[in-house]
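All of the numbers you see were taken from the coordinates with simple rules; none came from a lab. Just so it is clear, the structure is predicted and the values come from calculations on it, not from any experiment. So basically every Cβ, Gly included, is an ideal-geometry build from the backbone, and we count neighbours across all protein chains shown.
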Amino acid sequence: MLYPALLVGSAELVMFKADSDRDKNITYAVSGPSDKGLEQIDAILQKRKHFKKVECAQPEKDLAEGKVDAVITRKADYVELRVNQLLKVATLATTINDNLKSAYLQELTEAFSSKGLAKENSQGFAIVSQNITASGSTQKIAGSPEGRSRVNKLENISATLCLMIFSLLMLGLGAAYPSIAVTAEEFERNTIETSCLLPVSRSMIMLGKVAAVSTFAAVSGLVNFVSMYSVAALVLSQAKLFPRFSSDHLVFNLNIAQTLGLIACYLLLAVLISALMIFATSFCRTVRSAQQWTTFPLLIILLLPPCALFPNLELNSRMMWVPILNCTLMLKAIFSGVPFNYTFIVVIAVSLFVSFVSLALARIFLFEQVDPGAYFGRKADSFARRFSKKETSA
Amino acid sequence: MKLHVEKLCKRFYEPARGEFFACNEISFEVGQGEIFGLLGPNGAGKTTTLRVISTILKPTSGSAHLGDIDIFQDPDAARRAMGFLSSSTGLYERLTPREILTYFGRLSGVAEPALKEKIESLFLALDFKQFADARCGKLSQGTKQKVSIARAIIHDPKLMIFDEPSTGLDVLATQSMHEFIKQAKGEGKCIVFSTHIMSEAEKLCDRIGIINDGKILAQGTLAELRALTGETYLEEVFMALVRKYELAK
């Protein structure tokens, strides 16, 4: 049941992202002397909710500065649409082209025809992108709808990334049960005593526990990813059944850099989640109580990774400090082709630090057999005693 | 090798009781080839004392030395020289006795060729070779206890700690446990043994420490304890000492 649900979920997210891009307001200006043909086009565009006309004194300059998304200019025998490269140019171009070519193509054709324009010109919107350089000069990089570049891959959600992030759910579950086995179950079966009697340091035992749980978690997550990837690849190979999937918005490949990044992030997350789960179960003395104690942390751990799929949630100087989420955002960044930078180092450092602190606390609860309730109870008692003494002496 | 325990304390906290000492200034010595028995009722502090000595728990204060080894300063070295056996066998149910002995033997630093020989000799000595490759979860309580004994002595420890080892065992298994303890004594091991069964203490122990409420009320040979209290039977000796302590409190 999980795989179809995840497949539908990832499809919805892809469409959500695409719709979110499409529904953005596209501001446009009309440049040059107006004629009846341009006015007609203008009227058609204004009927679309995401086209917004703005008045510009210097449309070309405003376009270059990003104050306006597109400029429509009447040329001798065609209408030119210029869009800003700094914005999501490919999506914009696609959106405008698709809009003009599909839904109200007939209306446009009639409008152009009635204004004496040739029918073929009605489809001849030249999509021209500006590559704005530091000097402010502009350069044409595409000329016509037929010749326009394909949608920029970096703007799209990778299906592989979606599956990868959903497979992290299995990584979390893969860490939860072994972590209960190496902590609470050891107490329940009384095997913790025999572990404590081994002539090896407690830190080594903790290291062994986290290595075992991490391996189990990573393997279960990766196996899950591979199986989901295989199922999804098989289903999506029949793209005719899913017309929206066959669009350029869905990227379904995995290169070497992404594979290495995926494995690295997976291992990092496996260690981090295992350490957190071991900590969450370290003060439980029965499997039942451990299951209860792991419910809430597991819920948080399972909910965080899919959040990385939200549009516009990127790895930045703030998000890099949020454990787990930062790892999935790092993965997203790797999949988006973001080069290695300082935020990646911070993510790795934060993950390792949180893992270390979790394991250090777990070590105390496990091997010193500290009961947190008793520990804080004793502190509260001694504070109350001190307080009452002060009151008495006063 | 001699065990020397000096003013050992372990403090716990429970919301209902507040802070309390499970063992309070416990001191005793056990020589080579000697069995020292800690005799006391349930909750007297026997298990806590033995757990602290075996480094499972950290002491609140006090010291313990095994020969030249400071047990609390160098717990790894101390663990290498001691074996601990309790009534709860604490075996991994999915492993076989052979796997358990190999695992513990390796981690205890027993060399690989010697380990195989040692495991085979333990199978024969404790008479459970037929169960060597069966999962521990399927074994009877008596056989589990034998596996537990084998695990405790796989590294040939100098100090053996027995925490109520015969609890839950039938007469035959108890008898073989007693034989094993006597054999360990014969091999010159230093043995600390806790029990609440008077006859067991009387039968096995060279010296006995009567423990109650976390404190050792008296210790010595059975004859010395009899002389101290003027009673004949160990049960009466025990009761006399407890009554005296309660009155003093």
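Taking 0.36 nm per residue of separation and subtracting the Cα-Cα distance, what length does fully extending B:Asp127 through B:Ala114 add?
On the way: separation 13, 0.36 × 13 = 4.68 nm, distance 1.96 nm.
Result for the pair: 2.7 nm of gain on full extension.
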Share of antiparallel DSSP beta bridges in region B:95-249, in percent to the nearest 5?
50 percent
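Among the listed pairs B:Lys58/B:Lys146; B:Lys146/B:Lys182; B:Lys158/B:Lys185; B:Lys129/B:Lys158; B:Lys158/B:Lys182; B:Lys144/B:Lys203, give every one whose C-alpha distance is greater than 20 Å.
Values: B:Lys58/B:Lys146 28 Å; B:Lys146/B:Lys182 15 Å; B:Lys158/B:Lys185 10 Å; B:Lys129/B:Lys158 25 Å; B:Lys158/B:Lys182 14 Å; B:Lys144/B:Lys203 24 Å.
Table pairs above 20 Å Cα-Cα are B:Lys58/B:Lys146; B:Lys129/B:Lys158; B:Lys144/B:Lys203.
Cα convex hull of chain B: how many Å³ per residue? The partial results should precede the final answer.
On the way: hull volume 33.1 nm³, N = 249.
Convex hull volume per residue, Cα atoms: 133 Å³.
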Treating only the Cβ atoms of Lys and Arg (+1) and Asp and Glu (-1) as charged, compute the dipole magnitude of region B:177-218 about its Cα centre; round to the nearest 20 debye.
100 debye
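Just the C-alpha atoms of region B:92-173: what Rg/Rh do they give, with Rh taken as the Kirkwood radius? Intermediate results must be reported in sequence, preceding the final value.
Values: Rg = 12.4 Å, Rh = 13.0 Å.
Answer for region B:92-173: 0.95.
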Rounded to the nearest 20 Debye, what is the dipole magnitude of chain B about its Cα centre when Lys and Arg each give +1 and Asp and Glu each give -1 at the C-beta?
480 debye
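Given the C-alpha atoms of region B:14-119, compute the convex hull and give its volume per residue in Å³. Walk me through the intermediate numbers first.
Working: hull volume 16.9 nm³, N = 106.
Normalising the Cα hull of region B:14-119 by residue number yields 159 Å³.
Determine, for B:Leu107, B:Leu85, the number of other Cβ atoms within 10 Å of each Cβ, and report the residues in order from fewest to most. Please report the intermediate quantities before stating the final value.
Values: B:Leu107 18, B:Leu85 24.
Ascending number of Cβ neighbours within 10 Å: B:Leu107, B:Leu85.
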Hey, what did region B:152-249 get for relative contact order, percent, Cα under 8 Å, at least 6 apart?
20 percent
What does the structure give for A:187-196 when I average, per residue, the other chain Cβ atoms found within 10 Å of the residue Cβ?
6
Pop the C-beta distance of A:Val357 and A:Ala43 into the FRET formula with R0 = 60 Å and round what comes out to the nearest 0.05.
0.40
Compute, for region B:203-242, the length of the dipole vector about the Cα centre, with Cβ point charges of +1 (Lys, Arg) and -1 (Asp, Glu) only. Units Debye, rounded to 20.
120 debye
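How do A:Tyr266, A:Tyr28 rank when sorted from fewest to most other Cβ atoms within 10 Å of their own Cβ?
On the way: A:Tyr266 22, A:Tyr28 26.
Ordered by Cβ neighbours within 10 Å, fewest first: A:Tyr266, A:Tyr28.
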Out of B:Leu122, B:Thr167, B:Gly220 - ranked by how far each Cα lies towards the positive end of the dipole of region B:121-222, with unit charges on the beta-carbon of charged residues - the top one is B:Leu122
